[in-house]
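To keep things clear, I will list the structure first and then write my remarks on it.
The values are calculated or read from the model by the stated rules, or taken from the named source; none is laboratory data. These figures come from a predicted structure and were not determined experimentally. Methodologically, a virtual Cβ is constructed for each residue, glycine included, from the backbone with ideal geometry; neighbour enumeration extends over all protein chains shown.
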Amino acid sequence: MSDKLKDLRKKAMSLPLTPGVYIMKNDRKEVIYVGKAKALKNRVSQYFGSQNNHSVKVLKMVSNVDDFDYILCDSEFEALVLECSLIKQYMPKYNILLKDDKGYSYLKVKTSGWMDFSLAYQKKDDGFRYIGPFMSGSGLGQSVENAKKIFLLPTCSKQFPRDIGKTRPCLNYHIGQCAAPCSGRISMSEHNEAVKQALEFITDGSGKAVAGMKKQMLELSENLEFEKAAKLRDKIKAAEKILNRQKVINSNIEEQDVFALVSAGVDQSAKSCLAVLRFREGRLYDSDHFIIDTPDDLPYARDELIRRYYSSRDYIPSRVSVDGACGESDLTGEYLSSLAGRKVSIIIPQKGEQHSLVEMCRANASQKLALYLGRSGAVTSQLDELAGLLGLKVPPQYIESYDISHTAGSDNVASMVVFKNGLPYKKMYRKFSIKGFTGQDDYASMAEVIDRRFNEYEKADKTAEGFGTVPDLILLDGGIGQVNAVLPILKKHNLNIPLFGMVKDSHHKTRAITSAGGEISITSKRKAFTLVSSIQEEVHRFAVAYHHQKHKKSTLKTILTGIEGIGEKRANRLLKEFKTIKAISLAGIDELNAVEGMNINAARNVYNTFHEAQKK
């Protein structure tokens, strides 16, 4: 341990066992991490103790810590509120951030003269009114586009009143998507009223805006202002036409946000995707996603990401649905409730329509992550579902699978196949000949192969692929017997790798996955089932192909070693020279005698054996 770490640990051990916030700083006194703790001494001292249990990212952060400050709080909830405030203030490098280069977006509104509004990504002191921030730029952009169509507002670059009467109306007027203020067909007051209605449509919710317009239309009709009522009727129809294109997902819950977090890998460069689906009035009206570095602890990451998401929003729904466990859901719920000024519940739906919503959100996250990583969305979904099925913290990106093949205990071989990012990684496939014993013992064969594989790991360059890589998951073609045979080998090498067997049915098809804790059925999990089946079929194919190759060679050697004067060495040299038994049978005595290790008597015996057989 370095002197710096010793000094920091000594300072950490002097902290009280009370709630608080700790602030890590680098040698330039910049805040690089903010965290909260129920007991400051216990939490902070962990950073500066043994470095063996830290992830790569935590090690990187600790290596940059020059000093830390702390603030005592009366409760863990008070510490949480302060932590969120400080993260928002300092935006520390090593906190989980929703950074995807999209930033926030605003509605930029011109309030004087001929009103107008547009999408903006920065709030400036330029005399305009800014509404926001909005988290989703794409969602806001679509809302602006829809609102301008519905309320017949111009989308061109013309300025009013400067450009009124200078040109004829454009195509948008003729297809009913603009009221053409450029030609003087609408007054400034009428135009400004339409702008106000459009802003209400965007900011207050489309359903509420439509209801307000219907009420106003009835009032105009009662006052015999039929022309104005007809114009409003047309706007209502246009709004409802656009709204009806949106899929009604659930009509029972009026408003909620749904979160799903999907990860791809655990190494330093691995990425995850947080997807958000937003529902109002039973309709999906907005969505967003954020690509982030994969966190070390997914349950606690969900809490932090949800808190960060809402820390800059002006509205929080009463229900937040998530796709998995949160490390501090009660605390996060209390924090969101304090921001919203009313009760906010965090729910993990288990069945029914709400569970389907969460699955839809996960599918969106998988697809966005796949697009970012340049891979198939189906593969990402398969890995994600497999991780959930096996209880893995993150989807396994590097999977090794093993199978044994022999004929009644002879020519024992094993195969190792690798699936990287859900696809066969053939350059890392390996073949093994069983050397430790003769006869049939699949359990001992599997144990020998795994032992040899990790003996190679201990000798290999740990930054290299192949034997220098520790897999995220090992799948054995076999049941609990194979698993129990391999577990002691992993323990011998001090490796904690998830290990499962792939169980087949009577038709040699994948039926379940087994571990020391029992069998897990996968037939109902179609994505995981497809991936595991393909792995099992591939490892079996590779093992059988190698066994057939070795068995054929063994059979050929047996034919030769049955000839007087031909042992295993001479048989191998003859096969190496002539390649096939047929070529050996056609060779002359001098050609046979010329092979290394042969003599004239052995050559005559080989020649006579094949030629006598041909005479018969």
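Checking 278, 245, 185 one by one, the residue that is in a loop (DSSP other than H, G, I, E, B) and at pLDDT 75 or above is 185 and no other.
Annotation: residue 387 fulfils all but one of (1) outside the structural domain of residue 471 (by TED's automatic domain parsing); (2) modelled with pLDDT of 85 or more; (3) crowded, with 24+ Cβ neighbours inside 10 Å; the unmet one is (3).
Anything in region 492-515 that is at positive phi and either assigned to a strand (DSSP E or B) or at pLDDT below 90 (or both)? List them, or say none. Show your work before the answer.
Just the residues of region 492-515 that are at positive phi, to begin with: 494, 508.
Result: 508, single match.
Condition check ((1) without any contact (Cβ under 8 Å) to a residue 40 or more places away in the chain; (2) in contact with a Gly (Cβ under 9 Å, 6 or more places away or on another chain)) across all residues:
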position	(1), (2)
2	yes, no
10	yes, no
13	yes, no
16	no, no
33	no, no
37	no, yes
42	yes, no
45	yes, no
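Residues in region 61-95 that are under 28 Å from the mean Cα position of the chain (by Cα), farther than 27 Å from residue 339 by Cβ and either of a type in the set (A, V, I, L, M, F, W, C) or at pLDDT below 85 (or both): 61, 62.
Rundown of residues vs (1) outside the structural domain of residue 199 (by TED's automatic domain parsing); (2) at pLDDT 85 or above, yes/no style:
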position: 97; (1), (2): yes, no
position: 100; (1), (2): yes, no
position: 113; (1), (2): no, yes
position: 120; (1), (2): no, no
position: 146; (1), (2): no, no
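Going by the conditions given, is residue 570 surrounded by fewer than 17 Cβ atoms within 10 Å (Cβ to Cβ) and outside any strand (DSSP E or B)? Before the answer, list the steps.
Values: surrounded by fewer than 17 Cβ atoms within 10 Å (Cβ to Cβ): no; outside any strand (DSSP E or B): yes.
The answer is no for residue 570.
Please find, within region 169-182, the residue that is surrounded by the fewest Cβ atoms within 10 Å (Cβ to Cβ) out of those that are assigned to a loop (DSSP other than H, G, I, E, B) and modelled with pLDDT of 85 or more.
Filtering region 169-182 down to residues assigned to a loop (DSSP other than H, G, I, E, B) leaves 169-170, 175-180.
Next cut, modelled with pLDDT of 85 or more only: 169-170, 178-180.
On the way: 169: 15, 170: 17, 178: 23, 179: 20, 180: 18.
It comes out as 169.
The residues in region 433-452 that are farther than 19 Å from residue 501 by Cα and either β-branched (Val, Ile, Thr) or in a strand (DSSP E or B) (or both) can be counted, and the count is 3.
For first residues located in region 298-326 and of a type in the set (Lys, Arg), partners that are part of a loop (DSSP other than H, G, I, E, B) and lie 6+ apart or on another chain with Cβ distances below 6 Å form the pairs 302/326; 308/98.
Just one of 323, 297, 303, 330 is outside the structural domain of residue 58 (by TED's automatic domain parsing) and modelled with pLDDT under 85; which is it?
Being outside the structural domain of residue 58 (by TED's automatic domain parsing) and modelled with pLDDT under 85 holds for just one of 323, 297, 303, 330, which is 297.
For region 428-448, the criterion of being over 26 Å from the mean Cα position of the chain (by Cα), closer than 19 Å to residue 490 by Cβ and of a type in the set (Ser, Thr, Tyr) is met by at least one residue.
In this structure, does residue 411 turn out to be among the acidic types (Asp, Glu), touching a Pro at 6+ places or on another chain (Cβ under 8 Å) and at pLDDT below 85? Against the criterion (among the acidic types (Asp, Glu), touching a Pro at 6+ places or on another chain (Cβ under 8 Å) and at pLDDT below 85), residue 411 does not qualify.
Scoring residue 343 on the criteria (1) over 19 Å from residue 275 (Cβ atoms); (2) buried (at least 20 other Cβ atoms within 10 Å of the Cβ); (3) of a type in the set (D, E, K, R) leaves a single failure, condition (2).
Filtering region 472-486 to residues that are of a type in the set (Gly, Ala, Ser), in contact with a strand residue (DSSP E or B) (Cβ under 7 Å, 6 or more places away or on another chain) and in a helix (DSSP H, G or I) leaves nothing. For residue 216, the criteria (1) more than 22 Å from residue 143 (Cβ to Cβ); (2) at pLDDT below 85; (3) polar (S, T, N, Q); (4) assigned to a helix (DSSP H, G or I) hold in every case but one, which is (1).
Among the numbered conditions (1) surrounded by 14 or more Cβ atoms within 10 Å (Cβ to Cβ); (2) charged (D, E, K, R); (3) over 10 Å from residue 31 (Cα atoms), the only one that residue 74 does not meet is (1).
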